[in-house]
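> Before I ask anything, here is the structure I am working with.
The values are calculated or read from the model by the stated rules, or taken from the named source; none is laboratory data. Because the structure is predicted, anything quoted here is derived from the model rather than measured. Cβ atoms come from the backbone with ideal geometry, glycine included; neighbour counts cover every protein chain shown.
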Amino acid sequence: MYRAALTVAAAAALVIGGITPAVAAPPSRLPGVPTSVQVSGAGDGATLTWNAPRTGAAVTGWKVTISPSQRQPDHGVDLLPAAARSDRFGDLIAGTRYALTVRATGAKGAGPAVRVGYTAPRSTRVAQSLFALDASGALVRFPTSGSGRTTTVAAKGAGFTADDIGDVFVPSADLKSILLYPSGGGAARTLATGLHLTADLRSDVAGNLYWVDSVSGAITKLPVTGGNPVALLPSSRNAWSVGRDGSVSAVTATSTGGTVVTASPRGIVSTRTITVAGGMSIGTFAGLLADGRGTLYLSYRASGGTFYHSWWALPAGSSSLTSVGSRLAYAYSATNNDSLVLGQSAEWCAAIAEGGPNACTADHTVTHLWARNADGTTQEVTTSGVAAQSNGLWIGAADSAGDLFVDAVTGATPGLWRVPAAGGAAQRLSPAQFSRLLVI
């Protein structure tokens, strides 16, 4: 991931290995060998830095790659402008040995590559942050640990998103520009202008930005490597999502499935007609979430008066919806890079029964934290402390550890809560109300 204004290597042990030009010295019509090539890493990310060649033709850009490229947008290939001197790759796999290369490109072609090796640490615990909007519309950052200083990032943050190093992006008030608030603090700057934004920016692990164009309706991408916005899909349809891997999907849903159009990280568009086994009706489409492994999760509200919301999984490349969930419950929902996470209540009853003359009384306390991984395996722990809302679709946020963050709007436990992945008592972070929760 490249940002010209933020060329700071991650702080961690420096690992340099096998620095070798891939070919012999090029003729002068090509750029020479990049110099001072180094790689450093922290958590699940690695940053490659370099200086310009001392010989050869003028540099017009850079080609940077990482291999293996699993989990990386654009198959681990970044094309950067001539001013670039660093590139960062996130979401690395613990214990994996990576090869990172950089080569200069010129008017007549590319010069030789320099390759360095880097092994991602066995432990890739990443310090993440929870971002949310308070009642005034200010953008606030919380530590996901549940302790530490809370900071206000921007006085007006409607439609914000963030990347995996903590840079925050906010649409301007006139929805024509994107403002960047650096992770290290300091004044905001204008990242791009002349745009047709809607107040709903999204991002992937590399820092590419996405939105629905307010004029054309197309789902649009602003590449982190620079250049003009690119229209990926012609319409947002019922709902759209961006996976952390950079896959973008738009859904047109029916009561038995629907159509999913997906643009891969390299922009290849595919269309799937999705169905439920037997073509059975499963209700009214209610919402869409994505993980970072290509799995989509579609929510449907049951037909009739119960207003029960259930989740259905659609794995990458599949056309069959599979029901997920372990019980009827009021629930908070979120995805992280690997899983769908549900905070489920102790008891449940239909909306009609709750409001009728012979109403049932259900315990809304979230007693189970349940997760479904992209490979279909599940985990479950018990918890306590926060009450779920009534029947409906209630979206929160989840960190990489599986902690679930929710905003309880009504009931006996209002406020912002953290439900730990290990189970046990939930933690109230604030008694105030927050919206648009995002962990990064």
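> Name the single residue, out of those in segment 271-288 being surrounded by fewer than 17 Cβ atoms within 10 Å (Cβ to Cβ) and not hydroxyl-bearing (Ser, Thr, Tyr), that is nearest to the chain's Cα centre (by Cα).
Restricting to residues being surrounded by fewer than 17 Cβ atoms within 10 Å (Cβ to Cβ) and not hydroxyl-bearing (Ser, Thr, Tyr), the top hit is 277.
The rows are residues; the columns are (1) touching a residue at least 60 places away in the same chain (Cβ under 8 Å); (2) more than 29 Å from residue 427 (Cα to Cα); (3) touching a strand residue (DSSP E or B) at 6+ places or on another chain (Cβ under 7 Å).
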{"position": "149", "(1), (2), (3)": "no, no, no"}
{"position": "161", "(1), (2), (3)": "yes, no, yes"}
{"position": "170", "(1), (2), (3)": "no, no, yes"}
{"position": "177", "(1), (2), (3)": "no, yes, yes"}
{"position": "204", "(1), (2), (3)": "yes, no, yes"}
{"position": "209", "(1), (2), (3)": "no, yes, yes"}
{"position": "222", "(1), (2), (3)": "no, yes, yes"}
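> Follow-up. Taking the stated definitions as given, is residue 191 of a type in the set (A, V, I, L, M, F, W, C) and modelled with pLDDT of 95 or more?
Here the answer is no, as residue 191 does not meet what is asked.
> Please indicate, with yes or no, whether at least one residue in segment 117-138 is under 30 Å from residue 60 (Cβ atoms), crowded, with 21+ Cβ neighbours inside 10 Å, touching a strand residue (DSSP E or B) at 6+ places or on another chain (Cβ under 8 Å) and touching a residue at least 60 places away in the same chain (Cβ under 8 Å).
yes
> Right, something else. Just to be sure I understand, how many residues within segment 64-79 are in contact with a Pro (Cβ under 8 Å, 6 or more places away or on another chain) and among the acidic types (Asp, Glu)?
1
> For segment 222-270, how many residues are buried (at least 16 other Cβ atoms within 10 Å of the Cβ) and on the phi > 0 side of the Ramachandran plot?
Matching residues across segment 222-270 total 5.
> Taking the conditions exactly as written (of a type in the set (A, V, I, L, M, F, W, C), within 30 Å of residue 64 (Cα to Cα) and surrounded by fewer than 20 Cβ atoms within 10 Å (Cβ to Cβ)), does residue 165 satisfy them or not?
no
> Inspect segment 323-345 for any residue being in a strand (DSSP E or B) and surrounded by fewer than 21 Cβ atoms within 10 Å (Cβ to Cβ) and give the result as yes or no.
yes
> Inside segment 174-188, can you point out the residues that are modelled with pLDDT of 95 or more and in a loop (DSSP other than H, G, I, E, B)?
174, 175, 176, 177
> I need the full set of residues from segment 121-140 which are at pLDDT 95 or above and at negative phi, in order please.
Of everything in segment 121-140, those that are at pLDDT 95 or above and at negative phi turn out to be 130, 131, 132, 133, 134, 135, 136, 138, 139, 140.
Rundown of residues vs (1) in contact (Cβ under 8 Å) with a residue 40 or more places away in the chain; (2) out of contact with any His (no Cβ under 8 Å at 6 or more places or on another chain); (3) among the acidic types (Asp, Glu), yes/no style:
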position	(1), (2), (3)
356	no, yes, no
360	no, yes, no
365	no, yes, no
372	yes, yes, no
375	no, yes, yes
382	yes, no, no
392	yes, no, no
427	yes, yes, no
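> Among (1) closer than 27 Å to residue 63 by Cα; (2) modelled with pLDDT of 95 or more, which single condition is residue 268 missing?
(2)
> Scan segment 68-115 for residues that are over 28 Å from the mean Cα position of the chain (by Cα) and assigned to a strand (DSSP E or B) and jot them down.
103, 104, 105, 106, 109, 110, 114, 115
> Could you list all residues from segment 265-310 that are closer than 21 Å to residue 439 by Cα and among the basic types (Lys, Arg)?
Listed by number, the list holds a single entry, 293.
> Still on this model: For segment 50-62, check the following and say yes or no: at least one residue is assigned to a strand (DSSP E or B) and of a type in the set (D, E, K, R).
no
> Mind listing just one residue for me: the one in segment 250-302 that is basic (Lys, Arg) and outside any strand (DSSP E or B) and, of those, farthest from residue 164 (Cα to Cα)?
It comes out as 266.
> Quickly run through segment 206-227 and pick out the residues that are in a loop (DSSP other than H, G, I, E, B) and touching a Phe, Trp or Tyr at 6+ places or on another chain (Cβ under 9 Å).
Matches in segment 206-227: 206, 207, 224, 225, 226.
> Continuing with the same structure: Any idea which residue in segment 301-327 is nearest to residue 275 (Cα to Cα), counting only those that are β-branched (Val, Ile, Thr) and in contact with a strand residue (DSSP E or B) (Cβ under 8 Å, 6 or more places away or on another chain)?
Filtering first and then ranking leaves 322.
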